[in-house]
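**Student:** Next up is a structure, given as C-alpha cells.
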C-alpha cells in the first residue's frame, strides 16, 4: 500500500514539475514548433524542434509495419543520439505519447542504428493523424527480434516527451 | 586368440539383423525433426507478435472518442479560444490516427479481415470521415459545426462499441485457438518424444543383448580355441596347419618333436614342401603328395599315406600322413596334416618280416629234409624188405619166428607206404605239376576202380553199389591218375571202415557255365563213421595219425591229406559228411573238359610217362598181376594196359590161384612176398593144374640175387623182374614168349627208374640235382680209377657199394643193378670186374646221367 501511495505522490510531483517546466520555456523556443521535450538525469529540460532534430545525423529505415500498409522509408535521428544530446547514456528512459501512453526503455538496448525517432515518412514529415510527428521506429523487417510485443510496445507513436528515469 | 574376421562377421550379422530397428529409429528421428521444425515455427509465430496490443488499441479508440466528446462539450460551453481549438483538433487527430491504424489492422490482420465488411465498422469509418469533414474547417466555422460533431460522436459510440466487442471476441477466439494448436503440438511432440525414447530404450536393450551374446560367443570361441589348443598340444600325432602357399599357421609340439623344427623355423621357411618332403627322397608317395599340393588340388583323399619326411637334422623318417583340407575365412585353401612317426612300427614290421622269412625258410628246409630223408630211406627199406623176404624163403622158421618175421615184414611195408605217402604229399605241396591231361572214359574208369576194390570190400563182407547215371558215360580230359588216386583212397577207406555194409559210389557230371564239366563223386558207406569234432581235421596231413580212423586199419594217415591236395590241385573240392556209428559220405569234385570219344581207340588213353617214350606195340595177351601192394599193382597194370594188354589183378596168392585155375593167362606177374600164400607157393599151385598151368610166371621182387632165381625157378617161376619195374623192362616179356633169360647183361646203364627221377626232379632244385649228379660222377670216376689202379677186395666192393647207392638214389636202376652184381661177386668170390667192360658201361652212363637228371637246357652244360 505504501508503495502505491509513494508512486501516486511521485506522479503528482512529476506533473507539477512538468507544469513548472512548461512555464519556464523561453519565448523564442516556443515560436519554433517544439516537437519533443527531454529531461535529462539532472532534471534539466531540453526541447527539440524539427530543425534541431534535422540537424542531428539522419538514420533511414526502410521497412513495413504492422500499422501501415506497404514498405515505408522512415528517417530521423537515432534515439540514442537524441538522448546523448541531453546526457543520457545509460539507465532507463521513459517515453510518453500525446495520448499519455508511457513506456520505459533500457538505454543499453539502443544502438546508433535503431530505434530512430522518425520525423519523415518517405522523406516527408507527417502529422498526428499519421502517428506523427515523431514515431519511434525499429527495422521490423530486419529479423524476428524486431517482431516482438516488446518492440511493438516500444514503437511509440506521437512521441512528445522523453525523460530519464531516476535510478 | 580371437579371429578378427570372425568378429567382423558377427558385427555384420548384427547390423544386418538390426536394420529394421535402425530404419525405424531414423524415421522416428526424421518425424521428430519435422515436428520440431513445426514446433519451432509455431513458437516463432508466438514470439513474433503479429499485431500490436490490438485489443488495447481498439479499447483505446473508444477512450479517444470519449476524450474528443469531452473536448467538444468543453468547447460548446463557452467561447472557443485558440487553445481549446487546438485541443479539439488534437483530440480528433488522435482519434483519427487510432481509427486509421485499426483500419489498417482490419485490412491486414487475418483475424480482423473478416470484419472489413462489418456494418458497425463501416458505420464507424463513415462517421469518422464525416467528423473529419466537420472538423477540418477554419476555426471560425468550427463553432458552428460543434453540434453536428457532438451528434456524430453520439452516433459513433454505438457502432464503435459494437465493433470493439466483436473484434475483442474475435481476438480472444484467435488467441484461444492458437493456444489450443500449441497445446496439440506440445502433445504431439511429447508423444513422439516418448515413443522415440521407448524405441531408443528397446534399441539399447537389443544392442545390450547382442553385445552380451557377442561376448558370450567370444567366450565360447575362446573356450573352443583353448580346447583345440589343448587337444593339439597333447596330441601324440603331429599336426601342421598350413596354407597352400606354404605359410605355416600352426604346429603342435608333437609335430615339432617328430620333425625337429620349431614353429618359428617352420613359419620362416620359404618352401615348407621342400623342407619336409624334399624332391630327392625317391619315395613315390612323397612325390605324389608333392605334385598334389603343388597343383592346388582340393584334396578329398581319404585314408593314410605312408611316406618319408625329412627331419631338421637331415635324417629321413617314415611317417604316416593323413591330409585334410578346408578353406579359411577368406576362402583360401588350407591343409591339415596329421603326422605320425612310424619308425618303431616300420622296424617292428621289418623284424617280423625277417622272422617270418626265416621261419618259412626253416619250414621249407625241414620239408626238403623230410623229402630227401624219405627218399633216401626208401632204398634201405627196400633192402630190408628184400632181406626179410629172403629170410622167409631161405630159412626154416619156427611158428614163433614166422610170427615175428610177419610183424617185421608188415612194419617194413608200412614204413615204405608211409615214406611213399610223405613223398607224394611233399610232391603235391611243392610246385610239381600234376601229370599231363589225358582222355578217359569216366564210367569205365570208375567201374574198374570199383572192381579193383571189390576184393577188399568182400573181405569185410561189404557190397559195393554203383550209381552211374547215363551222363557219366562220357569221355573227359583230366588228370586221370590223380583222379584215380583220390577215388581209390576214398573207396579203400570206405571198404576198410565198413563191415557187412554197403558202399555206394555215385558219380554226377554237371555242366558248368565256363564250358567245363564238374565231376562229382560221392562215396557213402555204412561204416563206423567219424566223430563230428574230427571232421574238420580229417583232411589235415599228420593230424589224423594219432586218431582212431586211421588206427583201426593200417595206414599212414596221409591218404586223406594226399586226396585233398590232389583234388585241390585238380581245381576241385573235397568234403565229408559223417555220423559216428552210422557211416560217412565222402565226396569230391573235379572240373574236367568233355572230349569226343576216341573212335578207334579201344582202350584208355595212354599214360603220360609211357607216352614220353615211344614203344612198339606187342601182341595182346591175357595177363594176371598178383601183387598185394595196391600201388605197385596199379602201376604195373597201367603199364601193361598202356602196352595194350588185357589185365586181371589179384591182391593175394589164393585169389591168384583161384583166378588162374578158371582162366587161361598167358603171363602172370607174381609178387614173391605176399602175406598168407607167398608168390613161390602160389606159382607152385598154379603149375599144379588149371587153365594157366602153362603160363609164363615172372617173379616180381625188390631183390634179384642169383640164388633167389634158382629158388624161384624151382617154385615154377620162370623169370625174375626186379622192382621197381619199368615199361622197357616189361616189353621183352610181352614181345617174345620165350624172352632172353634174365641175366646181368640185361641191365643197361641207360635204364632209369622214371618214377624216381620224376620225384627227384620235383623235389630237388636244379642246383641240388647237379650236386647229386656230380656226386655220382665223382664216385663213378673214382670206381674206374680204382679198377685201373688194380684195386680189389673189400675196398673195391665198398666203392661199388657207394656208387650203387648213389645210382639208385638217382634212379639209375640199370647201373645200380650192374653194380650190385659186381659188389656181390667181389664180396663172395673176390672176382674183379672187367676194366674194359666197365669203361664202356661207365662211359655210357656218363653220357646218359646228365640227360636224365638235369632239366632241359641245362644238361648240355656239363656232360
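**Student:** Determine which member of the set B:379, B:394 is exposed (fewer than 15 other Cβ atoms within 10 Å of the Cβ) and either in contact with a helix residue (DSSP H, G or I) (Cβ under 7 Å, 6 or more places away or on another chain) or more than 30 Å from residue B:257 (Cα to Cα) (or both).
**Tutor:** Unique residue meeting the criteria: B:394.
For (1) surrounded by 15 or more Cβ atoms within 10 Å (Cβ to Cβ); (2) over 15 Å from residue B:105 (Cβ atoms); (3) modelled with pLDDT of 85 or more; (4) assigned by TED's automatic domain parsing to the domain that holds residue B:184, each residue gets a yes or a no:
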{"site": "B:40", "(1), (2), (3), (4)": "no, yes, no, yes"}
{"site": "B:43", "(1), (2), (3), (4)": "no, yes, no, yes"}
{"site": "B:49", "(1), (2), (3), (4)": "yes, no, no, yes"}
{"site": "B:54", "(1), (2), (3), (4)": "yes, no, no, yes"}
{"site": "B:60", "(1), (2), (3), (4)": "yes, no, yes, yes"}
{"site": "B:68", "(1), (2), (3), (4)": "yes, yes, yes, yes"}
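**Student:** Then there's this: Filter the stretch A:30-46 down to the residues that are surrounded by fewer than 18 Cβ atoms within 10 Å (Cβ to Cβ) and in a strand (DSSP E or B), then identify the one that is nearest to the other protein chains (Cβ to nearest Cβ).
**Tutor:** A:34
**Student:** Taking the stretch B:158-179, which residues are buried (at least 16 other Cβ atoms within 10 Å of the Cβ) and under 18 Å from residue B:95 (Cα atoms)?
**Tutor:** Scanning the stretch B:158-179 gives B:159, B:160, B:162, B:163, B:164, B:167.
**Student:** Is it the case, given these coordinates, that residue A:93 is in contact with a helix residue (DSSP H, G or I) (Cβ under 7 Å, 6 or more places away or on another chain) and more than 14 Å from chain B (Cβ to nearest Cβ)?
**Tutor:** Yes; evaluated as a whole, the condition is true for this residue.
**Student:** How many residues are free of Cβ contacts under 8 Å to residues at least 40 places away in the same chain and buried (at least 16 other Cβ atoms within 10 Å of the Cβ) if we restrict to the stretch B:402-422?
**Tutor:** Residues flagged as free of Cβ contacts under 8 Å to residues at least 40 places away in the same chain and buried (at least 16 other Cβ atoms within 10 Å of the Cβ) within the stretch B:402-422 amount to 5.
**Student:** If you don't mind, another one. On the phi > 0 side of the Ramachandran plot and touching a helix residue (DSSP H, G or I) at 6+ places or on another chain (Cβ under 7 Å): is that true of residue B:782 in this structure?
**Tutor:** no
**Student:** Here's another thing I want to ask about it. Determine which member of the set B:184, B:213 is more than 30 Å from residue B:318 (Cα to Cα), surrounded by fewer than 16 Cβ atoms within 10 Å (Cβ to Cβ) and under 52 Å from the mean Cα position of the chain (by Cα).
**Tutor:** Being more than 30 Å from residue B:318 (Cα to Cα), surrounded by fewer than 16 Cβ atoms within 10 Å (Cβ to Cβ) and under 52 Å from the mean Cα position of the chain (by Cα) holds for just one of B:184, B:213, which is B:213.
**Student:** Residues that are more than 13 Å from chain A (Cβ to nearest Cβ) and over 30 Å from residue B:191 (Cβ atoms): does the stretch B:24-32 have at least one?
**Tutor:** For the stretch B:24-32, residues more than 13 Å from chain A (Cβ to nearest Cβ) and over 30 Å from residue B:191 (Cβ atoms): absent.
**Student:** May I pose another question? Which one of A:136, A:156, A:160 is within 13 Å of chain B (Cβ to nearest Cβ) and in contact with a helix residue (DSSP H, G or I) (Cβ under 9 Å, 6 or more places away or on another chain)?
**Tutor:** A:136
**Student:** Scanning the stretch B:106-148 for residues that are within 14 Å of another protein chain (Cβ to nearest Cβ) and touching a helix residue (DSSP H, G or I) at 6+ places or on another chain (Cβ under 6 Å), which turns out farthest from residue A:65 (Cα to Cα)?
**Tutor:** So, considering only residues that are within 14 Å of another protein chain (Cβ to nearest Cβ) and touching a helix residue (DSSP H, G or I) at 6+ places or on another chain (Cβ under 6 Å), the one farthest from residue A:65 (Cα to Cα) is B:135.
**Student:** Right, something else. Let me spell it out: the conditions are (1) under 27 Å from residue B:179 (Cα atoms); (2) touching a helix residue (DSSP H, G or I) at 6+ places or on another chain (Cβ under 9 Å); (3) within 13 Å of chain A (Cβ to nearest Cβ), and residue B:56 meets all of them except one. Which number is the exception?
**Tutor:** Unmet condition: (2).
**Student:** Consider residue B:785 carefully, then state whether it is at pLDDT 75 or above, under 17 Å from residue B:843 (Cα atoms) and surrounded by 17 or more Cβ atoms within 10 Å (Cβ to Cβ).
**Tutor:** In short, no.
**Student:** If you don't mind, another one. Restricting to the stretch A:100-138, count the residues that are touching a strand residue (DSSP E or B) at 6+ places or on another chain (Cβ under 8 Å) and either over 16 Å from residue A:73 (Cβ atoms) or buried (at least 16 other Cβ atoms within 10 Å of the Cβ) (or both).
**Tutor:** Count: 26.
**Student:** If a residue has to be assigned to a loop (DSSP other than H, G, I, E, B) and out of contact with any helix residue (DSSP H, G or I) (no Cβ under 9 Å at 6 or more places or on another chain) to count, how many in the stretch B:645-665 make the cut?
**Tutor:** 2
**Student:** Restricting to the stretch B:60-88, give me the number of residues that are within 13 Å of another protein chain (Cβ to nearest Cβ) and closer than 20 Å to residue B:125 by Cβ.
**Tutor:** 9
**Student:** Suppose we keep only residues that are within 23 Å of residue B:90 (Cα to Cα) and more than 14 Å from chain B (Cβ to nearest Cβ) within the stretch A:102-129. Which one would you say is nearest to the chain's Cα centre (by Cα)?
**Tutor:** A:117
**Student:** When you go through A:160, A:156 one by one, which is the residue that is surrounded by fewer than 21 Cβ atoms within 10 Å (Cβ to Cβ), in the same structural domain as residue A:46 (by TED's automatic domain parsing) and either part of a strand (DSSP E or B) or at pLDDT 90 or above (or both)?
**Tutor:** A:160
**Student:** How many residues does the stretch B:432-484 hold that are part of a loop (DSSP other than H, G, I, E, B) and touching a strand residue (DSSP E or B) at 6+ places or on another chain (Cβ under 7 Å)?
**Tutor:** Total meeting the criteria: 5.
The values are calculated or read from the model by the stated rules, or taken from the named source; none is laboratory data. Everything numeric in this text was worked out from a predicted model, so none of it was measured. Note: ideal-geometry Cβ built from the backbone for every residue, glycine included; neighbour counts use all protein chains shown.
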